[in-house]
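Worksheet: one structure, shown below.
The numbers here are math on the coordinates, done by the rules we state, and not lab data. Remember, it's a predicted structure, so these values are computed and weren't measured experimentally. Note: ideal-geometry Cβ built from the backbone for every residue, glycine included; neighbour counts use all protein chains shown.
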Amino acid sequence: MTVSAAPVTAPVRLRPEIVALPAYKQGSPATADSFKLSSNENPFPPHPAVLAAIRDLDINRYPDATALVVRQRLGERHSVTPDEIIVGAGSVALLAQLISAAATVGDEVVFPWRSFEAYPGLITVAGATAVPVPLTAQSRHDFSAMAAAVTDRTRVIMVCTPNNPTGTVVTADEFAAFMAAVPTDLLVILDEAYAEFVDDPFAVDGAALVRRYPNLVILRTFSKAYGLAGLRVGYAIGPVSVLDAARSTAIPLGVTEAAQRAVLAAMQVEPELIARVRELAVRRDKVQAALREQGWAVPVSQGNFVWLPTGPATAAASEAFAAAGIVARVFASEGIRVSIGEAESVASLVRIANEVVRTL
Ligand SMILES: Cc1ncc(COP(=O)(O)O)c(C=O)c1O
């Protein structure tokens, strides 16, 4: 028997700003004859050591709520104490926790835009006001405009490098100047979900800034470089007082035992995983070079994706990509973000991009 959804308008009073939020849009799934290049995932299959580590779990038991062993390992890596690290169910969960810890009704959160799609929604959920600051014409953070957007009500500033979806990095010098320009009682979150893919020596590296600023939290994830997107683990490094507050806004027990074990196993085979990342970075640079050769004005991407600024032609372009078996992330009237995926996807991507660029 099939049951169809009843068209009920519940008489429950909901927060209007939540009802008005657009639903989270996940990257479109692939079909049998297409490549899923819509979610910036790692195309390599899970490492056998990681798969072995998540077998035979006592799933009748709760996980360690504080992920202590993972924090210890990460602490050793970054030369900080486990208390200076917080682990969450993906870095997006930590983003939500940090924003909720610092900003609420009447407060403002400044962030670059366009950037990671989750930012505005998480800010609204916290009750705070989103203050998007447009990227420059070169698709980079506009730090003078971001500094100018800070008011007495600002509580959090997001910095995303490499920026999703444009792939552009923030330089170490830009970031240092920005940190010097903004008040030290504002939480600055440096979202580095794609840090491992960066090879630009001038790019800011959050790991080198640990303990440098009393108001800086660095956000990293195991989803991209380490290929654990499906298990949901991210971490933040920052001042204990800020992280303690972010622990208080968490939904308890979000990081499963499988996720914790997978992270420990992935850290054991890290050189192999980083070799995969380097391979993807080389693939990215080849794709970018080919696209530029074709006439695309692609910003220099240091992530595992490239940004095609298709502007008003986006709808038609995305149809052409889909028809060619390239399932990408489409931003209506702005552009298309294509993840760097399987080696086999590159030829189709470059071929269809060459056709589409002539139509722009
Ligand atoms: C810039 C940025 N930050 C954070 C995330 C969240 O990643 P996760 O929650 O899988 O760690 C993403 C995911 O796409 C992202 O692009």
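Before moving on, here are some points about what is shown:
- For the stretch 132-205, the relative contact order comes to 35 percent (Cα pairs under 8 Å, sequence separation of at least 6).
- One chain, two ends: A148 and I59. Fully extended at 0.36 nm per residue, the span grows by 27.0 nm beyond their Cα-Cα distance.
- Within the chain, antiparallel bridges make up roughly 45 percent of the DSSP beta bridges whose residues both belong there.
- Evaluated with a Cβ-only charge set (Lys, Arg +1; Asp, Glu -1), the chain carries a dipole of roughly 440 debye about its Cα centre, given to the nearest 20.
- Based on Cα contacts under 8 Å between residues 6+ apart, the chain shows a relative contact order of 23 percent.
- P(r) for the stretch 19-66, from all Cα pairs and a bin width of 5 Å, is 5, 12, 12, 13, 12, 19, 16, 8, 2 %, short bins first.
- Whole-percent pair-distance distribution, where bins are 5 Å wide, for the alpha carbons of the stretch 47-151: 2, 10, 13, 14, 15, 14, 13, 9, 6, 3, 1
- A straight chain from K286 to A332 at 0.36 nm per residue would run longer than the Cα-Cα distance by 13.9 nm.
- Among Y235, V198, T249 - extreme Cα towards positive end, dipole of the stretch 175-275, charges at beta-carbon: T249
- Dipole magnitude of the stretch 20-107, debye to nearest 20 (Cβ charges: Lys/Arg +1, Asp/Glu -1, about Cα centre): 140 debye
- Per residue, the convex hull around the alpha carbon atoms of the stretch 227-341 comes to 170 Å³.
- Choice from A281, A180, A225 with maximal GNM fluctuation in the chain (Cα, 10 Å cutoff): A180
- Rounded to two decimals, the Cα-based Rg/Rh of the stretch 199-270, with Kirkwood Rh, is 1.00.
- Note on M179, M146: ascending count of other Cβ atoms within 10 Å places them as M179, M146, the fewest first.
- Computed over the alpha-carbon pairs of the chain, the distance histogram in 10 Å steps reads 5, 23, 32, 26, 12, 1, 0 percent, short to long.
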